[in-house]
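Report on the following structure.
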Amino acid sequence: MDRWLAEHSNLSRSEAKAAVRAKRVKVDCHLAISASQKVDSEAVILVDNELVAIRVPQYVMLHKPLGVICATIDGLHQTVIDLLPPAFKTLHPVGRLDKETTGLVILTDDGQWSHRVAHPKYNCEKRYLVTTKWPIPEATIERLLAGVVLRDDPTPVAAKSIDRLADNQLMITISEGRYHQVRRMIAACENRVMQLHRTNIGSLELDISEGEWRQLTPEEVSSLA
């Protein structure tokens, strides 16, 4: 019950538990028994005698421009939420891109789905177009594929695949998603990322112009988690 209310109302789980204890919650015209009781998919839920409408989860693709931050609110910078219509202001980004990275961002209000897409243990691959300051030797590509040790992190991290596009440009696929992983991997190879652009998350490919957004199809949602 508490989880259902947290997903479909403005109550947090702790507030939902308190509402049940205070006998403010009804299920099919009967007072809720406990915060842990199961909720039938066709149940009618009232809080303070007001109907709680079932929320349909939203899933959105956004092409993040340079300088926009992956946050829901910020007093100094434009956020990814600022680029969406008011109806999507309750969404949160699935994982993050830093301010200087452009490209594919997914936003949703489905917490469990978001966790499966973003958490490293699920190995959802991310693909990046990387432009470096200096040319990239073949030996560097071999190091990135074999695994490099990042500063302050003794566990080696490796790229899943790499395609060379130019002397100083690679397409790198990773699956772990550590903090600033691609930038730190390149730095560990004595080079510097000048431009970083995410093109794919799992099977989902960025297909809209910078600053634009669109909703994901049910098939795309299912393919990611």
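Rule-based calculations on the coordinates, nothing more; no lab input. The structure presented is a predicted model; accordingly, all values stated were derived computationally and were not measured. Here the Cβ is made from the backbone with ideal geometry for all residues, glycine too, and neighbour counts use every protein chain on show.
Things to note:
- Model label points for Leu31 and His119, set 7 angstrom from Cα along the Cα-to-Cβ axis, are 3.7 nm apart.
- Computed over the chain with a Gaussian network model linking Cα atoms closer than 10 Å, the most mobile of Asp153, Asp82, Asp167 is Asp153.
- Cα-centre dipole for the chain with unit charges at Cβ (Lys and Arg positive, Asp and Glu negative), debye to 20: 620
- The Val39 and Thr90 beta-carbon pair, evaluated with R₀ = 25 Å, returns a calculated FRET efficiency of approximately 0.75.
- With R₀ fixed at 25 Å, the C-beta to C-beta distance from Asp82 to Arg55 puts the FRET efficiency at about 0.70.
- Put simply, the chain fits an ellipsoid with semi-axes of 42, 18, 15 Å; these come from the alpha carbon gyration tensor as the roots of five times its eigenvalues, largest first.
- Taking every C-alpha pair closer than 8 Å and separated by at least 6 residues, the mean separation divided by the residue count of the chain gives a relative contact order of 19 percent.
- GluC sites (Glu not before Pro) restricted to region 1-92 and DSSP loop, no more than 16 other C-beta within 10 Å: Glu42
- Relative to its residue count, region 125-201 spans a Cα convex hull of 77 Å³ per residue.
- Summary of the geometry: region 163-185 and region 2-38, compared by the centres of their Cα atoms, lie 46 Å apart.
- D_trans [Stokes-Einstein, Kirkwood Rh over alpha-carbon pairs] for region 2-51, 4 °C, 1.567 mPa s, µm² s⁻¹: 124
- Whole-angstrom Cα spans of region 71-196 along principal axes, big to small: 49, 29, 27
- Cα-based reach from Lys121 at 19 Å (exclusive), listing aspartates and glutamates while leaving out same-chain residues under 8 positions away: Asp110, Asp153, Glu176
- Percentage of interatomic Cα-Cα distances in region 109-168 larger than 19 Å: 48
- Dipole axis of the chain (+1 Lys, Arg; -1 Asp, Glu on Cβ), positive-most option in Ile81, Pro120, Thr217: Pro120
- Using a simple spin-label model with pseudo-atoms 7 Å out from Cα toward Cβ, Ala22 and Asp163 lie 5.7 nm apart.
- The fraction of all Cα pairs in region 165-225 landing in successive 10 Å bins from 0 to the largest distance is 16, 42, 31, 11, 0, given as whole percents.
- Pairs from Lys99/Lys160; Lys64/Lys89; Lys99/Lys126; Lys64/Lys99 whose Cα-Cα separation, in the structure shown, is over 19 Å: Lys99/Lys160
- Between Glu220 and Glu142, the simple spin-label model (points 7 angstrom out along Cα→Cβ) gives 4.0 nm.
- Dipole of the chain [Lys/Arg +1, Asp/Glu -1 at C-beta], most positive-end residue of Gln37, Thr101, Ser203: Gln37
- Cα-Cα separations in region 22-94 greater than 18 Å, expressed as whole percent: 56
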